[in-house]
Amino acid sequence: LTVARLDPRRTGVTPERIRLHLESHNIESRPVWKPMHLQPAYAGARMRGGSVSAGLFAEGICLPSGTAMDHSTVRRIADLIREAWPAR
């Protein structure tokens, strides 16, 4: 599993922007898993903590990964991520 955390205030890009750009090129990525305390089934349930997992969910993206990925695939994904980054 390869996960990146992007703070939009510092990077100028959101994980959703990256996800949608990759998707437009038929590359699957996903948000980081939604914490239990944010899921509807557990609304109102007592919990402790939660700010770290909520932050990871808000700012994280699971990128494609696996042992079958070759260098050219990794390079293509990296290039597409750079394309989605706002110009500075």
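If we keep just the residues of the range 39-68 that are surrounded by 15 or more Cβ atoms within 10 Å (Cβ to Cβ) and not small (Gly, Ala, Ser), which is nearest to Thr11 (Cα to Cα)? Break it down stepwise before answering.
Applying the first criterion (surrounded by 15 or more Cβ atoms within 10 Å (Cβ to Cβ)) to the range 39-68 yields 53, 56-64.
Pick out the ones that are also not small (Gly, Ala, Ser) and you get 56-57, 59, 61-64.
On the way: Leu56: 15, Phe57: 17, Glu59: 11, Ile61: 14, Cys62: 17, Leu63: 17, Pro64: 20 Å.
Result: Glu59.
Among the residues making up the range 69-88, those that are among the acidic types (Asp, Glu) and open to solvent by 70 Å² or more (accessible area, probe 1.4 Å) are Asp70, Glu83.
If I ask for residues that are charged (D, E, K, R), open to solvent by 50 Å² or more (accessible area, probe 1.4 Å) and either part of a loop (DSSP other than H, G, I, E, B) or within 16 Å of Pro86 (Cβ to Cβ) (or both), which ones from the range 6-36 would you list? Of everything in the range 6-36, those that are charged (D, E, K, R), open to solvent by 50 Å² or more (accessible area, probe 1.4 Å) and either part of a loop (DSSP other than H, G, I, E, B) or within 16 Å of Pro86 (Cβ to Cβ) (or both) turn out to be Arg9, Arg10, Glu16, Arg17, Glu28, Lys34.
The values are calculated or read from the model by the stated rules, or taken from the named source; none is laboratory data. Please read all numbers here as calculations on a predicted model, not as lab measurements. Please note: Cβ atoms are built from the backbone with ideal geometry, for glycine as well, and neighbour counts cover all protein chains shown. Keep in mind that these areas ignore ligands, DNA and RNA; they rest on the heavy atoms of the full protein, side chains included. Shrake-Rupley method; radii C 1.70, N 1.55, O 1.52, S 1.80 Å.
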